[in-house]
Amino acid sequence: MSAATSMPAKSGFHSATRINRSLTAAIEKRALVWMAARAPRWVISDRLTLLGFAAQIVCGACFALARFDRRILPAVIVCLALNWLGDSLDGTLARVRHIERPRYGFYVDHMADIFGSVALMLGMGCSGLVHPAVAIAMLLAFLVLAAESYLATYTLSRFQLSQGLFGPTEIRIVLAIGTLELMRSPWSNLLGHRFLLFDIGGSIAATVMFAMAVTVTLRHTAQLYREEPLS
């Protein structure tokens, strides 16, 4: 999913350039194209989008249920894998089969991401494994960063799938690793103090996402100001 531009839609709409420079981007693109080329005909993009969305909802529910029994946490990792499959393969499948619906696909896919992320963070906030304030901070940071990305897609015709070396796949991997650690213990020691592991990771994630949003906003504002000066 490195820089690539889809063909114009029948309506004359032109898709934004897709940019993904994350750590796993190259190998992920090859794997997705390989799977899309071999997917049976009954596998369609809408079903994959629904799979990814449902998996994220169930992921949040599993986190919430972990408040009562942490043995459910392996299901979180399974849901993360299914979310990756549905969320990543739907667009690739459409491009491989030359049946792109760029406006529909972009809108539905990212609204599903937003609602799914709300469900995931609500589940985490109810889990007892992270304080609700930290879960809310992560959700707000994600929504701000997502809003900037969508606005940049419209104003700059460039859809940035990753920020630096991190994209959605890397975030899922980190979350899966953290969940494995939760199965061992939800606690971690830092500077001689005992904290919830996900409080530490969530606070770092929220801070980094907010910092990224501010940095990218300033850069894009400066670019747009240069391209559209007052005189």
Note on ILE173: of the conditions (1) among the β-branched types (Val, Ile, Thr); (2) within 30 Å of ALA222 (Cα to Cα); (3) surrounded by fewer than 20 Cβ atoms within 10 Å (Cβ to Cβ), unmet is (2)
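Residue check: is GLY60 closer than 19 Å to ASN20 by Cβ, surrounded by 16 or more Cβ atoms within 10 Å (Cβ to Cβ) and in contact (Cβ under 8 Å) with a residue 12 or more places away in the chain?
Answer is no for this residue.
For residues that are touching a Ser or Thr at 6+ places or on another chain (Cβ under 8 Å) and farther than 11 Å from ASP199 by Cβ, tally how many sit in the range 111-138. Break it down into steps so the answer makes sense when it comes.
Looking only at the range 111-138, we keep the residues that are touching a Ser or Thr at 6+ places or on another chain (Cβ under 8 Å), and these are 112, 134, 137.
Right, trim to farther than 11 Å from ASP199 by Cβ and you get 112.
Matching residues across the range 111-138 total 1.
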Answer yes or no as to whether VAL174 is touching an Asp or Glu at 6+ places or on another chain (Cβ under 8 Å), modelled with pLDDT of 95 or more and under 17 Å from LEU80 (Cβ atoms). no
Filter result for ARG70 (free of Cβ contacts under 8 Å to residues at least 24 places away in the same chain and more than 30 Å from GLY164 (Cβ to Cβ)): no
Collect the residues in the range 183-209 that are over 25 Å from GLY167 (Cβ atoms) and open to solvent by less than 60 Å² (accessible area, probe 1.4 Å), keeping them in residue-number order. SER185, PRO186, SER188, LEU196
Just checking, which of MET212, MET138 is crowded, with 20+ Cβ neighbours inside 10 Å, at pLDDT 95 or above and either outside any helix (DSSP H, G or I) or under 20 Å from the mean Cα position of the chain (by Cα) (or both)? MET138
Restricting to the range 182-203, count the residues that are part of a helix (DSSP H, G or I) and under 18 Å from ALA135 (Cα atoms). 8
For ALA147, only one of the following conditions fails: (1) surrounded by 17 or more Cβ atoms within 10 Å (Cβ to Cβ); (2) among the small types (Gly, Ala, Ser); (3) free of Cβ contacts under 8 Å to residues at least 24 places away in the same chain. What is its number? (1)
For the structure I just gave you, tell me whether THR169 is more than 16 Å from the chain's Cα centre (by Cα) and in a helix (DSSP H, G or I). no
Odd one out for ALA206, checked against (1) part of a loop (DSSP other than H, G, I, E, B); (2) touching a residue at least 60 places away in the same chain (Cβ under 8 Å): (1)
Take THR221 and decide whether it is of a type in the set (Val, Ile, Thr) and out of contact with any helix residue (DSSP H, G or I) (no Cβ under 9 Å at 6 or more places or on another chain). yes
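To keep it simple, each residue is scored yes or no on (1) open to solvent by 50 Å² or more (accessible area, probe 1.4 Å); (2) among the charged types (D, E, K, R); (3) at pLDDT 95 or above.
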residue: SER2; (1), (2), (3): yes, no, no
residue: ALA16; (1), (2), (3): no, no, no
residue: ARG21; (1), (2), (3): yes, yes, no
residue: GLU28; (1), (2), (3): no, yes, yes
residue: VAL43; (1), (2), (3): no, no, yes
Would you point out the residue of the range 215-228, among those that are in contact (Cβ under 8 Å) with a residue 24 or more places away in the chain and more than 20 Å from the chain's Cα centre (by Cα), that is nearest to VAL134 (Cα to Cα)? HIS220
Which of the numbered conditions does PHE159 fail, given that it passes all the others? Conditions: (1) part of a helix (DSSP H, G or I); (2) of a type in the set (Phe, Trp, Tyr); (3) crowded, with 17+ Cβ neighbours inside 10 Å. (1)
Considering each of GLY128, GLY86, GLY105, GLY91 in turn, give the residue that is in contact (Cβ under 8 Å) with a residue 60 or more places away in the chain and part of a helix (DSSP H, G or I). GLY105
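The values are calculated or read from the model by the stated rules, or taken from the named source; none is laboratory data. Source: prediction; values computed, not measured. A quick note on method: Cβ atoms are made from the backbone with ideal geometry, for glycine too, and the neighbour counts reach across all protein chains shown. These accessible areas exclude ligands, DNA and RNA; they are computed on the full protein's heavy atoms, side chains included. Shrake-Rupley method; radii C 1.70, N 1.55, O 1.52, S 1.80 Å.
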